[in-house]
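Peer 1: Below you'll find the structure I mean.
None of the figures in this text is laboratory data; all of them are computed from the coordinates on show. What you are looking at is a predicted structure, and each value in this text was computed from that prediction instead of being measured. Don't worry about glycine lacking a Cβ; one is built from the backbone with ideal geometry, like all the others, and counts go over all protein chains shown.
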Amino acid sequence: MAAKSSSAAKPVAGPRALNDAGTVSATSVAASLDRIIHERLRLAIVSALSVNPVLTFAELKRVLATTDGNLSVHSRKLEDAGYIAVEKKFEGRVPRTEYRLTGAGRAALERYLTHMEALIRASRPDKKA
Amino acid sequence: MGAVRPIRSTAAPIGLHDQAMDNLRFIRDAMENAGSFTAVPGVGGILVGATAFFAAFAAHLSSGSRAWLAVWIGEAFLALAIGLGFSARKARRAGNALLSRSFHRFVFAMAPPIAAGAVITIMLNGAGLIHFLPAVWLLLYGAGVACGGAFSVRAVPVMGLCFLLLGAIAAVTPAAWADALLALGFGGFHLVFGWIIARHYGG
């Protein structure tokens, strides 16, 4: 554990720091993960929105095969973090909730992917020996 | 105490490695599942619909079966170019190469019926039976769209089914209706479903 360990809750360690993964331990990389999108359903929401400019609540629910309650709770957390933007409107009399990924959300996903790659490099089983 | 460290250092990295790999797979799957929502370009569909109306009009005014066939074959190539171009544009705008994978899946599912349509067109033209072509085109295009859109938004397979239905109608109606039915299918259906996709599924 020679590497500096950051306080972990926030996505502070940037890709640049992690690109030196050869000198950074896998544990410290794991500790700097963005906890907001590390959770599975939130990660799935962000991933789905990264390839769709807009998805409605019903579409997200279908794509992610989840329940109304779960989707509401986790999308709210992402909205609070500024990772997704939510717009509620009506189509005729039918309410329609639309979700979009924000710039911060896209950056967070890219950062998370970089973290994962760094983690894989740093903890590759054949690296030790 | 010294014996504890190796146990930790061998167990932890392997678990993290597997977890990270699993996370990346999970992200890819989530993107792929959701990507099929928008791989088909709505705006491209609208444009194809508009050109098909012009083609139907030009084909109706054309003199002779060779000119008629040339107009529709030209329209097919134009529609192909528009479709591919707008799909690439849509994938680029979504900012993720994984979207293009969904589009590839759509294209590969559509390719066999379209290829079959090309071969049957050559056969029927050679046999002087081009009055069968509108029904064949509508049926095979419908089959391709219905198959290719099986994992996409509902609008895409529904469009395929509409083409199949229209193809069945074209098979039993007089040849004089051919251009009107082709205009309704390749023009009208593309315009309507293209608009739905463009409006609700990201362009």
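Peer 1: So what are the ³J(HN,Hα) numbers for segment B:119-126, from phi and the Karplus equation (6.51, -1.76, 1.60; θ = phi - 60°), rounded to whole Hz, Gly and Pro as x?
Peer 2: Once rounded to whole Hz, the list reads 5, 5, 4, 4, 4, 5, 5, x.
Peer 1: Return the sequence-ordered ³J(HN,Hα) values of segment B:23-28 in whole Hz as given by the Karplus equation 6.51 cos²θ - 1.76 cosθ + 1.60 applied to θ = phi - 60°, using x for Gly and Pro.
Peer 2: Per residue, the Karplus-derived 3J(HN,Hα) values read 4, 5, 4, 4, 5, 4 Hz.
Peer 1: Just to check I understand the Karplus step: with θ = phi - 60° and J = 6.51 cos²θ - 1.76 cosθ + 1.60, what whole-Hz values come out for segment B:140-147, glycine and proline as x?
Peer 2: Taking θ as phi minus 60°, the curve returns 6, 5, x, 4, x, 5, 5, 5 Hz for segment B:140-147.
Peer 1: What aspartates and glutamates could a cross-link reach from residue A:88, if we take a straight Cα to Cα line under 15 Å and drop same-chain neighbours fewer than 8 places away?
Peer 2: A:59, A:79, A:98
Peer 1: What is the mean number of Cβ atoms from other protein chains located within 10 Å of the Cβ atom of each residue in peptide A:39-51, rounded to a whole number?
Peer 2: Numbers: counts 0, 3, 1, 0, 4, 7, 2, 3, 12, 8, 3, 10, 21.
For this peptide, the per-residue mean of nearby foreign Cβ atoms is 6.
Peer 1: Follow-up question, since we're still on this one. Given just the C-alpha atoms of segment B:23-90, how large is their convex hull per residue in cubic angstrom? Let's see the in-between values first.
Peer 2: Numbers: hull volume 5.5 nm³, N = 68.
It is 81 Å³ per residue.
Peer 1: Calculate the mean, over all residues of peptide B:18-29, of how many other protein chain Cβ atoms lie within 10 angstrom of the residue's Cβ.
Peer 2: 5
Peer 1: Moving on. In whole Å, what are the Cα extents of segment A:70-129 along the three principal axes, biggest one first?
Peer 2: If we take the Cα atoms of segment A:70-129, the spans are 65, 23, 17 Å.
Peer 1: Same structure, new question: Show the residues, 5+ positions off or on another chain, whose built amide H is closer than 5 Å to the amide H of residue A:84.
Peer 2: Excluding prolines and chain starts, which carry no amide H, the hits are A:79, A:102.
Peer 1: Here's a follow-up. Under the definition of partner shielding as Cβ atoms of other protein chains within 10 Å of a residue Cβ, what is the mean value for peptide A:112-122?
Peer 2: Across A:112-122, the average partner-chain Cβ count within 10 Å equals 4.
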